[in-house]
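Asker: Quick one: the structure is below, and I'll ask about it shortly.
The values are calculated or read from the model by the stated rules, or taken from the named source; none is laboratory data. Because the structure is a prediction, the values reported are computed rather than measured. Neighbour counts run over all protein chains shown; Cβ positions are idealised from the backbone, glycine included. With ligands, DNA and RNA removed, areas are computed over all heavy atoms of the protein, side chains included. Shrake-Rupley method; radii C 1.70, N 1.55, O 1.52, S 1.80 Å.
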Number of protein chains: 2
Amino acid sequence: MEREWIRYLRDRLPPHPLLRLGPGDDAAVLQLAGADQCVVTVDMLTDHVDFELAEVDPRRVGRKCLAVNLSDLAAMASRPLAAVIAMVLPRRGGKDLAVALYEGLLPLAERFDLAIAGGDTNSWDGPLAVSITLLGTLTERGPLRRGGARPGDRIVVTGSFGGSILRRQFEFEPRVAEALLLHGRYRLDAGIDVSDGLAIDLAHLAEESCCGAVLCTDAVPVADDARRLAERRADDATPLDHALGDGEDFELMLAVPPDEARRMLAEQPLDVPLTAIGEFTAEKGLWRTDAGGSRTELVPRGWQHEFD
Amino acid sequence: MEREWIRYLRDRLPPHPLLRLGPGDDAAVLQLAGADQCVVTVDMLTDHVDFELAEVDPRRVGRKCLAVNLSDLAAMASRPLAAVIAMVLPRRGGKDLAVALYEGLLPLAERFDLAIAGGDTNSWDGPLAVSITLLGTLTERGPLRRGGARPGDRIVVTGSFGGSILRRQFEFEPRVAEALLLHGRYRLDAGIDVSDGLAIDLAHLAEESCCGAVLCTDAVPVADDARRLAERRADDATPLDHALGDGEDFELMLAVPPDEARRMLAEQPLDVPLTAIGEFTAEKGLWRTDAGGSRTELVPRGWQHEFD
C-alpha cells in the first residue's frame, strides 16, 4: 500500500523547479533560490475540532488544512515555497480519504506555486489528523512580526468578520498576495492573521507589542454570514458578537502608523476592502468604544485549545 | 492555556544562533547559513501504532518522535538544522504530557544542535499524535539518495538488527554523525535508514535503484535483543527472522562499490561496527543465500501502514 501511495503521489504531484528530490526518498531536497532566511510554520488540524469529516466534502478539508498554513505565511508577509504534509488516516476508507484530501489541496498549492516536498501518510484506529508544515521566503522588507505595534498605530483589517462557520472556514482566501503588496508599499509595524477571533487576536498583537488597544466596534466590518448566523441561532449573540469572537476569518490585522494608514485607506490598493477599526494605546489592556463615545473593557472571546 | 504554553516554550527552549524568530509568532524565521539547498522530512507518530503511551514514560516517546526524524536526515547524509513540532494531545492531562514529551526530546535536540523553530500544540478527544518536521543542510557531497545503488555494490550496514521492541525503539542513536563521516570519506552510491525492517528496506533501496539484491543471511549482525525476543516468544520466529523483519533498528544500510566497501570494512572508522551483508544485482528481485550456498527468494517482511 505504501509503495502504491508513493506511486500515486509521484504521478499526481506537479513537478516544481525548486524541488530537487521529491516524495519517495527518506527526505526531500529543496533549492532555496538564494534565500538566506526561511520562514517555517506548522498547523495540525483534526476531525471534530477543526472540521466534521462526516459533514463535509473531504476535498474542502484538504483545502482548509493547506489554506490555514498559507494564512500564517501571509501574516509574516512571506512568499510560500514548499509544503510537507503528514497525516494519520482512519484505517477504513483511508486511501480514498487521502486522495480526496490531496485533490482538495493541490489546486491551492498550484495557485500559490507551492512545491509539495514530501509527506508521511499513516493510518490508525482513530480520527483524521493532518499536519502541514510550510516553508516560505522573505522579501527584502523582512518578516511582518506580531511584536512591532506602537501606541497610536491604527488597527487596519482586510475583509469582514464573523459567521465563518457557515462557509468561509472552508472557502477563505489566504491573504498572501495582499500581505506582500501591503508590506512592500506601506510601512507596517505588525501583523497577524485572524484565526482565533478578532478580539483575541487583537489581544495577541497588543500583548506581543507590549501595548494596549481600543477597538471601535461601529467600524468593525461585519460579514453577511455573521448576520445570518445571528438570525439563525437562538442565543443572544449579535452579528457584532460573531464578528468579534467567531474566528477562522483568516483576514489580516495590521498595525499601521497613522499617516500610512490614511494613505492606505484612501488608496484601497486591494481587491478586498481595508478598514481601520481602532488604534493601539500605550496603556495595556483592551477596550471597545462606539460612536457614542462610551469606552468599556473588551473581554477577548475566541477559540482557545483547552488542555490541562 | 495557549499563552501559558507559549511562555513555557519560550522559557524552556534554548536559544539557537540560527533562529531569528522563535515560537509565539505566526511562523518562525530561520537563518540558513549560506545553504542553497535544504533537506526536509516529516514523520508523524501515533499512540497504539508507534508506541503505547500507557506503558512507557512519555519522555521516551518524545525522544523517539524526534529520533526517527533525525534518522531520516542521517539517511540523506544531511546535517540537522531545525525542527517544527506539531502535536495533538488528549484533553485530559495534556499539559503534563506535552511537557514530558518536550523534556524527552530536548536533550536530543541539543545534542544534535537543532533549533526548535516552532510548533503547534492542540488537544482533542483522541489519542496522542506527534508530527515533527526537520530541516537539514547538505555537505558539498550532496544528498545520499535511495536510488543510486549499482549491480555489484556491497550492502553495508551499521550496528545490529532485530528485537528493537525490547528497548532500542526508544533508545537508538540516530546515525547522523556516522552518515556524515562515511559520506565524506567514502563513495556511497545509495543509503536508507532501516525503519520498516531490514528485508523490506533493502527491497525499497533495490527498487528505487532499479536493481535486485542478494542478502547473505549468515552475515547479518543479529542483535542480542533479537535472540532474547525469540526465546521469550512462543512462536517459531528465529533471531534471524527478527533481524530481517522487526524494523525500528534505525541503522544505516548503504550501497557501496566493492573497493570502497573493502576499504571501509578494513578501516572500521565508526564506533559502531560496519558489516557487509550482501550485494546488489542487475537482476531485479530479492534473494537470500547462506554459507551453504543455497539461494532462495527473500520475501520482504516488515512494517507497512495498512489503509484501504
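Conditions tested, residue by residue: (1) in contact with a Pro (Cβ under 6 Å, 6 or more places away or on another chain); (2) of a type in the set (D, E, K, R); (3) over 25 Å from A:G118 (Cβ atoms).
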position: B:D26; (1), (2), (3): no, yes, no
position: B:V29; (1), (2), (3): yes, no, no
position: B:A54; (1), (2), (3): no, no, yes
position: B:G62; (1), (2), (3): no, no, no
position: B:A74; (1), (2), (3): yes, no, no
position: B:S78; (1), (2), (3): no, no, no
position: B:L81; (1), (2), (3): no, no, no
position: B:A98; (1), (2), (3): no, no, yes
position: B:F112; (1), (2), (3): yes, no, no
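Asker: Just one of (1) in contact with an Asp or Glu (Cβ under 9 Å, 6 or more places away or on another chain); (2) under 30 Å from B:P90 (Cβ atoms) trips up B:G119, so point out which.
Answerer: (1)
Asker: I would also like to ask the following. Confirm whether B:V157 is open to solvent by less than 10 Å² (accessible area, probe 1.4 Å), touching a strand residue (DSSP E or B) at 6+ places or on another chain (Cβ under 7 Å), within 22 Å of B:L205 (Cα to Cα) and in a strand (DSSP E or B). Talk me through it step by step, then tell me what you get.
Answerer: Working: open to solvent by less than 10 Å² (accessible area, probe 1.4 Å): yes; touching a strand residue (DSSP E or B) at 6+ places or on another chain (Cβ under 7 Å): yes; within 22 Å of B:L205 (Cα to Cα): yes; in a strand (DSSP E or B): yes.
Against the criterion (open to solvent by less than 10 Å² (accessible area, probe 1.4 Å), touching a strand residue (DSSP E or B) at 6+ places or on another chain (Cβ under 7 Å), within 22 Å of B:L205 (Cα to Cα) and in a strand (DSSP E or B)), B:V157 qualifies.
Asker: OK, next. Quick one: would you say B:D26 is of a type outside the set (A, V, I, L, M, F, W, C), within 25 Å of A:R91 (Cβ to Cβ) and touching a helix residue (DSSP H, G or I) at 6+ places or on another chain (Cβ under 6 Å)?
Answerer: Working: of a type outside the set (A, V, I, L, M, F, W, C): yes; within 25 Å of A:R91 (Cβ to Cβ): no; touching a helix residue (DSSP H, G or I) at 6+ places or on another chain (Cβ under 6 Å): yes.
No.
Asker: Looking at this structure, is A:G147 outside any strand (DSSP E or B) and either surrounded by fewer than 24 Cβ atoms within 10 Å (Cβ to Cβ) or at pLDDT 95 or above (or both)?
Answerer: On the way: outside any strand (DSSP E or B): yes; either surrounded by fewer than 24 Cβ atoms within 10 Å (Cβ to Cβ) or at pLDDT 95 or above (or both): yes.
Spelling it out, A:G147 is indeed outside any strand (DSSP E or B) and either surrounded by fewer than 24 Cβ atoms within 10 Å (Cβ to Cβ) or at pLDDT 95 or above (or both).
Asker: Continuing with this model, one more query. With respect to the numbered conditions (1) at pLDDT 95 or above; (2) more than 23 Å from the chain's Cα centre (by Cα), which one is the sole condition not fulfilled by A:D235?
Answerer: The failed condition is (1).
Here's the yes/no breakdown for (1) part of a strand (DSSP E or B); (2) among the hydroxyl-bearing types (S, T, Y); (3) assigned by TED's automatic domain parsing to the domain that holds A:L182; (4) open to solvent by 40 Å² or more (accessible area, probe 1.4 Å):
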site	(1), (2), (3), (4)
A:D235	no, no, yes, yes
A:L240	no, no, yes, no
A:D249	no, no, yes, no
A:L254	yes, no, yes, no
A:M264	no, no, yes, no
A:A276	yes, no, yes, no
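Asker: Pull up the range A:216-233, narrow it to residues that are surrounded by fewer than 20 Cβ atoms within 10 Å (Cβ to Cβ) and among the charged types (D, E, K, R), then point me to the one that is nearest to A:E279 (Cα to Cα).
Answerer: The residue in question is A:D218.
Asker: Please verify whether B:V29 is assigned by TED's automatic domain parsing to the domain that holds B:Y102 and within 25 Å of the chain's Cα centre (by Cα), treating the condition exactly as stated. Let's see the steps before the verdict.
Answerer: Values: assigned by TED's automatic domain parsing to the domain that holds B:Y102: yes; within 25 Å of the chain's Cα centre (by Cα): no.
Considered against the rule, which asks whether it is assigned by TED's automatic domain parsing to the domain that holds B:Y102 and within 25 Å of the chain's Cα centre (by Cα), B:V29 comes out as no.
Asker: Where in the range A:1-112 are there strands (runs of 3 or more DSSP E), lying wholly inside it, with at least 1 residues that are more than 9 Å from chain B (Cβ to nearest Cβ), open to solvent by less than 20 Å² (accessible area, probe 1.4 Å) and touching a residue at least 40 places away in the same chain (Cβ under 8 Å)?
Answerer: Numbers: elements: A:19-21, A:28-31, A:37-46, A:78-90.
In the range A:1-112, A:78-90 are the strands (runs of 3 or more DSSP E) which contain 1 or more residues that are more than 9 Å from chain B (Cβ to nearest Cβ), open to solvent by less than 20 Å² (accessible area, probe 1.4 Å) and touching a residue at least 40 places away in the same chain (Cβ under 8 Å).
Asker: Let me ask another. Among the residues of the range B:283-296 satisfying the criterion of being modelled with pLDDT of 95 or more and open to solvent by 80 Å² or more (accessible area, probe 1.4 Å), which is farthest from the chain's Cα centre (by Cα)?
Answerer: B:E283
Asker: Just to be sure I understand, how many residues within the range B:118-139 are open to solvent by 20 Å² or more (accessible area, probe 1.4 Å), in a strand (DSSP E or B) and of a type outside the set (A, V, I, L, M)?
Answerer: Count: 3.
Asker: Something else: Test B:C216 against the stated conditions and say whether it is touching a strand residue (DSSP E or B) at 6+ places or on another chain (Cβ under 8 Å), outside the structural domain of B:L70 (by TED's automatic domain parsing), over 15 Å from B:G159 (Cα atoms) and hydrophobic (A, V, I, L, M, F, W, C). Before the answer, list the steps.
Answerer: Working: touching a strand residue (DSSP E or B) at 6+ places or on another chain (Cβ under 8 Å): yes; outside the structural domain of B:L70 (by TED's automatic domain parsing): yes; over 15 Å from B:G159 (Cα atoms): yes; hydrophobic (A, V, I, L, M, F, W, C): yes.
Spelling it out, B:C216 is indeed touching a strand residue (DSSP E or B) at 6+ places or on another chain (Cβ under 8 Å), outside the structural domain of B:L70 (by TED's automatic domain parsing), over 15 Å from B:G159 (Cα atoms) and hydrophobic (A, V, I, L, M, F, W, C).
Asker: Sticking with this one: Assuming A:E251 fulfils every condition listed in (1) at pLDDT 95 or above; (2) out of contact with any strand residue (DSSP E or B) (no Cβ under 7 Å at 6 or more places or on another chain) apart from one, which condition is it?
Answerer: All conditions pass for A:E251, except number (2).
Asker: Considering the range B:69-108 alone, what residues qualify as being among the hydrophobic types (A, V, I, L, M, F, W, C) and over 23 Å from A:N69 (Cβ atoms)? Don't jump to the end; show me each part of the working.
Answerer: Residues of the range B:69-108 among the hydrophobic types (A, V, I, L, M, F, W, C): B:70, B:73-77, B:81-89, B:97-101, B:105-106, B:108.
Hits for the range B:69-108 are B:L70, B:A74, B:A75, B:M76, B:A77, B:L97, B:V99, B:A100, B:L106, B:L108.
Asker: May I pose another question? With the checklist (1) at pLDDT 95 or above; (2) outside any helix (DSSP H, G or I) in hand, flag the one item B:E178 doesn't pass.
Answerer: Condition (2) is where B:E178 drops out.
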